[in-house]
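Working notes, beginning with the structure itself.
The values are calculated or read from the model by the stated rules, or taken from the named source; none is laboratory data. Keep in mind it's a predicted model, so treat the numbers as computed, not measured. Ideal geometry is used to build each Cβ from the backbone, glycine not excepted, and the neighbour counts take in all protein chains shown. For accessibility, only protein heavy atoms count, side chains too; no ligands or nucleic acids. Shrake-Rupley method; radii C 1.70, N 1.55, O 1.52, S 1.80 Å.
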Amino acid sequence: MKRWPYWVLGFWLVVVACSLLYDMQPDAISLEQVLAPPGKSTLLGTDDLGRNIAVRLAAGAGVSMLVALAVTAVTLTLGTMIGLLSGYCGGWVDRLLMQVTDVFLAFPGILLAIAFAAVLGPGLDNLLLALCMTSWVGYARLTRAQALSLRQRQHVQAAQSLGASAGRIMRKHMLPLLAAPLVVEATYSIAGLVIAEASLSFLGLGIQAPHASWGSMLRDGVRYLLVAPHYVLAVGISLMSVVLAVNVLGDQLRDAWDVRRAKD
Amino acid sequence: MIRRLLGVVPVVFGVLLLTFLLVHLVPGDPVEVMLGESAPVADRAKLRAELGLDQPLPLQFVHYLKALAHGDFGRSIHSRKPIADMLRERLPATASLALCALVIAVGLGLPLGIIAALRQGKWQDGLATLLSLTLSAMPHFWLGPLLMLLFALWLGLLPVSGMSEPGAIILPALTLGFGLAAILTRMTRASLLEVLNEDFVRTARAKGIEERKVILRHAMRAALLPIVTVVGLQLGSLLAGTVITETVFGWEGIGRLLVESIEKRDYPVTQACVVVIALSYVVINLLTDLLYVRLDPRVRFAV
């Protein structure tokens, strides 16, 4: 029972793999069966253009996964580097970098990503860019806080007195100790990114038609909420299952590794 | 306290700089993007001059700050109305929505958290935890339609969307409030559990004070401190959440204005909305910190 997040995420991985291996034509329009409820021919019914919702969900899952993993990879690297630099160097470098993160944190939630995506224009590449520009801050703050205390550790000071370079100390003596909290933070942020991608696409700022994305599907679903509630329900439950699974996974990792979640 | 006030200055400056630079992030010529490629050259030149885009960047920023200091956000490209008036028109809708959501969140989150803490390990605790975990996994654009289906379509109790009918505020406020309630429940539970082990709670019980008073008068007062911080921080995400929620429910507030301006490529309006929301967040955080100092005698006397 405790393993259910793995089962849920495993299920979606298989779904994405299938949609990559077989071209199930998520964009194929069939005007004979517009907004058809779930039935024999289509597992979860069809959307406003008669497209198969289940197939489009699979394609959208792929987009969500791509966005979440790509943005996490970029921002984890960038944020950790900035945080290490800030925490290890201290002084004016630290003050400047933290001032910058303060400004980014002054924009609540997804507002800054919305603003960036709005001026950059729609599309997958701009969506990725907007999310990368706003998601590194959490990692930077977390790493800096940890680096500040790690700097005082004996093994780091021993390495310093042996003449190890700053880069070597950060890489070999600090980074391994940062891995656990960073992985926990990254897990939570994957859930956040799945929501963020869907939010931007929901607002029409992310993935553009005809490509499927959970956010744009929800947007269409809300439009036809009164006539075809199965549309919204299918997408919403899928999204919720992923977010819930990833969050619970994060809780489990945190408890197992005894990491106190950094408060921002 | 003065230090905290001064600390806000560079943040506000940074926020203004970043939002000012937004328009310059537009790929290509922002004037062309806003007016469309077919716009006459004269119109473009006029807009360029109006937005000050023909001046050097630092000078533009100075003008931008000066205008903001006078409460002047410029004019909308689309409707030609002063943006300050548009914001003033929309502000009450967003403020009342956020306030209702906050009331719902506190009214739901605090009692649930207290019950969960007092019944730790029992089914009430499990239920509250499950509820808050599920609600926090439901973004507004999914919770909103779900509530619409439930209350408006299947039960037929409340209007689906819009602002004109009475009770129209309930569903968007619930959508915004539930997410915050989920966080508050978890926070209250954790905070109260920590406090319940303290000496002063044992003393209060030993004095023979009623259990209800021990919890509400003694334990909750101490447990409230971290909760105040969370409410302050989350009030900001509530503001950001209005962007999506107002779009879902057709609620004519600042958030909806922001989305409309993005759709019309009316960048000065976009810029103004972002500035207003971000600065409100900065002010709310500042007030929360000041309130915290007032509430906690340990911090108050240490300063």
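Calculate, for B:Arg4 and A:Leu148, the FRET efficiency according to 1/(1 + (r/R0)^6) with r their C-beta to C-beta distance and R0 22 Å; round to the nearest 0.05.
Using R0 = 22 Å, I get an efficiency of 0.60.
With 20 Å as the cut-off, how large is the P(r) tail for segment B:173-303, expressed as percent of Cα-Cα pairs?
60
What are the extents of the Cα atoms of segment B:1-159 along their three principal axes, in Å, largest first?
71, 50, 29
Give me the distance in nm between label points sitting 7 Å out from Cα along the Cα-to-Cβ direction at B:Val41 and B:His70, one decimal.
The modelled label-to-label distance comes out at 3.2 nm.
In whole percent, what relative contact order does chain B give with Cα contacts below 8 Å and a gap of six or more residues?
24
Between segment B:65-133 and segment B:196-212, what is the separation of their alpha carbon centroids in Å?
If we compute the Cα centre of each part, the gap is 35 Å.
Can you compute the modelled spin-label distance between B:Lys207 and B:Leu127, with each label point 7 Å from Cα toward Cβ, in nm?
It works out to 3.4 nm between the two label points.
So, R0 is 60 Å and r is the distance between the beta-carbons of A:Leu43 and A:Ser161; what FRET efficiency does that work out to, to 0.05?
The value I calculate is 0.40.
Divide by every residue of chain A the summed helix terms, -39500 (n - 2.57) for each DSSP H run of at least 4, and state the resulting mean residue ellipticity at 222 nm, rounded to the nearest 500 deg cm²/dmol.
Here the helix-only value at 222 nm equals -24000 deg cm²/dmol.
With θ taken as phi - 60° and the coefficients 6.51, -1.76 and 1.60, list the Karplus ³J(HN,Hα) couplings across segment A:166-182 in order, rounded to whole Hz; mark glycine and proline as x.
4, x, 5, 5, 4, 6, 8, 10, 10, 4, x, 6, 8, 4, 4, x, 5
Two decimals is fine: what is log10 I(q)/I(0) at q = 0.09, 0.12 Å⁻¹ for chain B, from a Debye sum with one equal scatterer on every Cα and no solvent?
Log-scaled intensity ratios, in q order: -0.59, -0.92.
Threshold 50 Å², probe 1.4 Å: give the residues of segment B:136-170, in number order, that are less accessible with all protein chains present than with their chain alone.
Residues meeting the cut-off: B:Ala137, B:Phe141, B:Trp142, B:Leu149, B:Leu153.
Gain in length, A:Met81 to A:Asp255, computed as 0.36 nm per residue apart minus the alpha-carbon separation, to one decimal in nm?
The A:Met81-A:Asp255 span can extend by a further 60.1 nm.
Would you please give the residues with an amide H less than 5 Å from that of B:Arg75, counting only those at least 5 places away or on a separate chain, with H modeled from the backbone geometry?
For B:Arg75, whose amide H was placed from the backbone, the distant partners under 5 Å are B:Ile83.
Run the accessible area of chain A with a 1.4 Å probe and give the carbon-and-sulfur part as a rounded percent.
Carbon with sulfur: 64 percent of the solvent-accessible area.
Just how far, in whole angstrom, is segment A:87-146 from segment A:21-83 if you go by their alpha carbon centroids?
Cα centres, segment A:21-83 to segment A:87-146: 27 Å.
Could you pull the Cα extents of segment B:220-261 along its three principal axes, largest to smallest, in whole Å?
Result, largest extent first: 44, 16, 11 Å.
Roughly how far apart, in whole Å, are the Cα centres of segment A:204-242 and segment B:1-54?
33
Please give every one of the lysines within straight-line cross-link reach of B:Lys213, meaning a C-alpha to C-alpha distance under 25 Å, and leave out same-chain neighbours fewer than 8 residues apart.
Of all the lysines, those that pass the test against B:Lys213 - Cα under 25 Å, at least 8 places apart if same chain - are B:Lys122.
Return a whole-number percent for the relative contact order of segment A:98-254, with Cα pairs under 8 Å and 6 or more residues apart as the contact set.
24
Express the relative contact order of chain A as a whole percentage, based on alpha carbon pairs under 8 Å and six or more residues apart in sequence.
25
Kindly report the accessible area of segment A:107-264 per residue (heavy atoms of protein chains, probe 1.4 Å, no ligands, DNA or RNA), in Å².
On a per-residue basis, segment A:107-264 sits at 40 Å².
Any idea how far apart B:Val103 and B:Ser164 come out in nm if each label point goes 7 Å out from Cα toward Cβ?
Roughly 2.5 nm, to one decimal.
First measure r as the distance between the Cβ atoms of A:Val227 and B:Lys264, then evaluate 1/(1 + (r/R0)^6) with R0 = 35 Å and state the FRET efficiency to the nearest 0.05.
Computed FRET efficiency for A:Val227 and B:Lys264 comes out at 0.80.
Counting each DSSP H run of 4 or more residues in chain B as -39500 (n - 2.57), what helix-only mean residue ellipticity at 222 nm follows after dividing by all residues, to the nearest 500 deg cm²/dmol?
That comes out to -24000 deg cm²/dmol.
Project the alpha carbons of segment B:69-176 onto their principal axes and report the range along each, largest first, in whole Å.
60, 38, 23
Explain nothing, just compute: Karplus ³J(HN,Hα) = 6.51 cos²θ - 1.76 cosθ + 1.60, θ = phi - 60°, for every residue of segment A:10-25 in order, whole Hz, x for Gly and Pro.
Each residue of segment A:10-25 in turn: x, 4, 5, 4, 4, 4, 5, 4, 4, 5, 7, 6, 10, 7, 8, 6 Hz.
Taking a cut-off of 25 Å between Cα atoms, list the lysines near B:Lys46, but don't count ones fewer than 8 places away on the same chain.
By straight Cα distance, B:Lys46 reaches B:Lys66, B:Lys81, B:Lys264.
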